[in-house]
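In what follows, a structure is listed as structure tokens, so that the remarks can point back to it.
We did not get these values from a lab; they are worked out from the coordinates using the rules stated. A quick note: this is a predicted structure, and the numbers were derived from the prediction, not measured. Positions of Cβ are backbone-derived with ideal geometry, glycine not excepted, and every protein chain shown enters the neighbour counts.
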Amino acid sequence: MRGVILYGPPASGKDTVTAGLHRLDNRYQQFQRLKVGSGRTTGYRMTTAPELAALRAAGEVVWENRRYGAVYVVDDHGLRRQLHDGIPVVHLGQVDAVDAVREAFPDAQWTVVALTCPRDVAAARIAQRQTGDTAERLQAWDQTEAIGAADLTIDTSETCPDRAAKLIDQAVRGSLTAPE
């Protein structure tokens, strides 16, 4: 079992790089976290607060965080199923979340990729989304910790999505000896 964790702040390119990975090999599929709350629905499996409470009670929550007035969850069953069916690409923005996923699935070979870009690039990307919460997303950008345990670091302002996907795929396959 193999999986990819794309780690980075808002607007660092997680969705765009995931699309590049999927174009390269359709086994790469974005892991759609569960979400309770309003706002963007694309890329999430929407659920309700009572359903989330039942998952918590059953010990099915690997990680959860609150941001932008919503709750985002990595669930054991969903990620386990995707690990068996393909190569999940999990989007995370907290170091503790990376640790939680790796600990929950110790038999999986995780490739952790830190995606970065300058703050002004992120601000422009966030503004283009027109989500109406630019200040909150930039605050989240500022609060995102650097990760020390990344297998690969890619600046998405300097590396096109398809090139980033190729670098990640090489790392997943174990053929990457040094970043270019």
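Observations on the structure shown:
- Total charge dipole magnitude, region 2-172, about the Cα centre, Cβ charges on Lys, Arg, Asp, Glu only, Debye to nearest 20: 460
- Length-normalised contact order of the chain in % [C-alpha pairs under 8 Å, at least 6 apart]: 34
- Sorting 21, 115, 138 from the fewest to the most surrounding beta carbons within 10 angstrom yields 138, 115, 21.
- Between region 1-73 and region 145-175, the alpha-carbon centres lie 19 Å apart.
- Each Lys or Arg adds one and each Asp or Glu subtracts one; over the other residues with Cβ under 13 Å from the Cβ of residue 58, this totals -3.
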